[in-house]
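I have placed the structure first, in the form of structure tokens, so that the comments after it can refer back to it.
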Amino acid sequence: MKKTLLSLIVATSFCASISAQAEVIRIAHDNQLDTPLHKSLVQFKNELESQPSLDLQVEIFESGQLGSVSEVTEMVQNGNIQMTAAASVLLAPYIPEFNVLDLFFLFDDENHAHKVLDSETGGQVLLDAMESKGFKGLGFGEVGFRHMTSNLGPISDENILGEVRLRSANNPMQITAWESVEATPIPLAWGEIYTSLQQNLINSQESAAFSVSSMRFNEVQNYLTLSGHIYTNFVWFMNDKMFKGLNSTQQEALIKSANKAIDYQRQLSMEANTNVVEELKESGMKVSVMPDSLKAVMAEKMNGAIKSKLRDRTGHALFDQVINTVENLR
């Protein structure tokens, strides 16, 4: 199915390239139709297509129709499709500069994250780093802060962390960080979390609040601790060659439309994550806020275990510049 769709896209792209028809921007992503990301991409499409003089059309392939995040990223890089959005943690293998965003407790809240990621000395230098890999970075959308759920009780002190067995992505930095606070990270695929919680292979997990509801983790987890230990974004980006092939009017309109859509997506994500916490309470989950004292201990230990390696991967000068921006914009 994926190969058939991709073949159709490549063939259509070839036909479009030899005709005088509008430029077509094909966007693929792995989110569902009802998510903030897809809704904001629809707004992006409508914004561009409402200006006929631009001669730009947008086609959206949602729900992983064309493949995984890594597969779609490579398609954008190769020019087989034109645009996508992905979390920076998944793009770090392609753009090592994004490793700086893998620090724990990096941002105070959503507004702090937005200020840093929208700044010239923060997010823009990371987007600029994409160009050497054939990408044009457009901006940072939002998934939200990740929190912890558990069957152990509220995550409120260091002692309980030693009893936590939680799902971790198969990422050496994440594993090392969780081990530094005595937790037991177990690498599992995202789709295996529910069953693993049900079977008590793990007793905890960490994700955005919206994901707790959409993945029905509240059916097998009793406690939600609002820890906000990692902020997850969506990097919007497209094929750099395609972008540079547009005229200046098209480029300006595309960037403006992307910025408006990203603001809309952030708004939807913040609303969804706020509303879902209340829904989870109503479903019977016991919700608490992680004490600042524990956050401070976790930040010191977790970042202490991985910071030097992340700095090496990012590049010392860029890493220090972004961290200085984070501090200056608090």
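The values are calculated or read from the model by the stated rules, or taken from the named source; none is laboratory data. Here the structure is a predicted model, which is why all the values come from computation and not from measurement. Here the Cβ is made from the backbone with ideal geometry for all residues, glycine too, and neighbour counts use every protein chain on show. What goes into the accessible areas is simple: the full protein's heavy atoms, side chains included, and nothing from ligands, DNA or RNA. Shrake-Rupley method; radii C 1.70, N 1.55, O 1.52, S 1.80 Å.
Here are the numbers:
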item: Every residue from the range 146-176 that is open to solvent by 40 Å² or more (accessible area, probe 1.4 Å) and within 20 Å of the chain's Cα centre (by Cα); result: Arg146, Asn170, Pro172, Gln174
item: Selection status of Trp190, aromatic (Phe, Trp, Tyr) and open to solvent by 60 Å² or more (accessible area, probe 1.4 Å); result: yes
item: Residue list for the range 198-219, restricted to those being surrounded by 15 or more Cβ atoms within 10 Å (Cβ to Cβ), without any contact (Cβ under 8 Å) to a residue 40 or more places away in the chain and among the aliphatic types (A, V, I, L, M); result: Ile202, Met215
item: Count - residues of the range 280-308 that are in contact (Cβ under 8 Å) with a residue 24 or more places away in the chain, surrounded by 14 or more Cβ atoms within 10 Å (Cβ to Cβ) and part of a helix (DSSP H, G or I); result: 12
item: Any hit, the range 137-151, residues being in a helix (DSSP H, G or I), modelled with pLDDT of 95 or more and among the charged types (D, E, K, R); result: no
item: Selection status of Asn111, within 15 Å of Val326 (Cα to Cα), over 14 Å from the mean Cα position of the chain (by Cα), part of a helix (DSSP H, G or I) and not charged (D, E, K, R); result: yes
item: Number of the exception - Gln82 against (1) surrounded by 15 or more Cβ atoms within 10 Å (Cβ to Cβ); (2) within 20 Å of Gln267 (Cβ to Cβ); (3) not aromatic (Phe, Trp, Tyr); result: (2)
item: Close pairs from the range 65-76: first at positive phi, partner assigned to a helix (DSSP H, G or I) and buried (at least 17 other Cβ atoms within 10 Å of the Cβ), Cβ under 9 Å, at least 6 apart; result: Gly67/Leu6; Gly67/Met75
item: Residue in the range 176-192 that is nearest to Glu271 (Cα to Cα), counting only those that are touching a residue at least 60 places away in the same chain (Cβ under 8 Å) and part of a loop (DSSP other than H, G, I, E, B); result: Val181
item: Residue among Phe98, Phe135 that is aromatic (Phe, Trp, Tyr), out of contact with any His (no Cβ under 8 Å at 6 or more places or on another chain) and within 20 Å of Ser257 (Cα to Cα); result: Phe135
item: Near pairs, Cβ below 7 angstrom, 6+ apart or cross-chain, from the range 43-60 (open to solvent by 60 Å² or more (accessible area, probe 1.4 Å)) to any residue that is of a type in the set (Gly, Ala, Ser); result: Gln51/Ala253; Asp55/Ala22; Gln57/Ala22
item: One residue from Val100, Val125, Val116 being part of a helix (DSSP H, G or I), touching a Leu at 6+ places or on another chain (Cβ under 8 Å), open to solvent by 10 Å² or more (accessible area, probe 1.4 Å) and of a type outside the set (Gly, Ala, Ser); result: Val125
item: Restricting the range 312-324 to residues that are in contact (Cβ under 8 Å) with a residue 40 or more places away in the chain and open to solvent by 60 Å² or more (accessible area, probe 1.4 Å), the residue that is nearest to Leu226 (Cα to Cα); result: Asn324
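Residue-by-condition table, conditions (1) farther than 23 Å from Thr84 by Cα; (2) outside any strand (DSSP E or B):
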{"residue": "Gln174", "(1), (2)": "yes, yes"}
{"residue": "Tyr194", "(1), (2)": "yes, yes"}
{"residue": "Leu197", "(1), (2)": "yes, yes"}
{"residue": "Ile202", "(1), (2)": "yes, yes"}
{"residue": "Ser227", "(1), (2)": "yes, no"}
{"residue": "Ile230", "(1), (2)": "no, no"}
{"residue": "Phe243", "(1), (2)": "no, yes"}
